[in-house]
Amino acid sequence: MALLFFSSPAWQLVLQSDFMTKVVLVILLLASIMCGALIFAQFVFLYFVKKSSDTSIEAIKSARTVADLTKVAQVSDSYEAIIIKKILNEREKIIQVSQLQDHDIDLLLAKGDHEADGLVSQLETFIPILGVSGAVAPLMGLFGTVWGLIHAFINISHEKSADIAVVAPGIAEALFTTMAGLVVAIPALIFFHYFARQVKKVDWQLRQVLELTILLIKKEEQQ
């Protein structure tokens, strides 16, 4: 496949292009490599997050007491278990001093929200880069397009001819950079939105676990 590309007219076009066009193409190539690496890393990250979550979420949902939640949290390293541990640890600190009050419950909820926000932020760390790449890559391609057209018109003025043989190389460069920009942008935007949806699902599940934990704590305090 690589040999076919290096012997293709497209590669010859790259070699014959001017310095600025080469710079644009190199930037887009680096962007495509970076996006590919980020997409792979994000897939792996989400896979392990979901895998650990799937092993504990059913047990968490079936919990009927705080003790049940404690047992699940002790044997799991899922994001849901981290939320539960955070809330229960804060609860232990409070009940060592006094009984839980309504404002203490609000504090536990706030602590849980803060922990969930931090975990979700970990998942979102590299996703914005895909969004930026998806937005900037077409503009880089457009810059290359404009530059290629300028280059084509300069050739026309130098050759004093609008013959297709004179115009074609510059136009081809322009179209090639446009295509390169789209090749980077399209998958970057697709996976940006895909990962954003996956993170929202994780966030929603964390909030559900948070609410369940607070509910069971309230239930235990009322008994």
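Bear in mind that the values in this text are calculations on the coordinates, not laboratory data. Note that the coordinates shown come from a computational prediction; the quantities given were computed from them, not determined experimentally.
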(request) Please list the helices of the chain that count as membrane-span-like by this rule: a mean Kyte-Doolittle hydropathy of at least -1.0 together with Cα atoms stretching 20 Å or more along the helix axis, each helix being a complete DSSP H run. (result) 19-61, 79-95, 102-123, 127-159, 164-222
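What does the convex hull of the Cα atoms of the chain come to per residue, in Å³, rounded to a whole number?
Dividing the Cα hull volume of the chain by its residue count gives 138 Å³.
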(message) Suppose only helical runs count, i.e. DSSP H with n ≥ 4. What mean residue ellipticity at 222 nm does that imply for the chain under -39500 (n - 2.57) per run, divided by all residues and rounded to the nearest 500 deg cm²/dmol?
(response) -31000 deg cm²/dmol
(message) Under 30 Å between alpha carbons, and skipping anything fewer than 8 positions from residue 61 in its own chain: which lysines qualify?
(response) 50, 51, 71, 85, 86, 93, 111, 200, 201, 218, 219
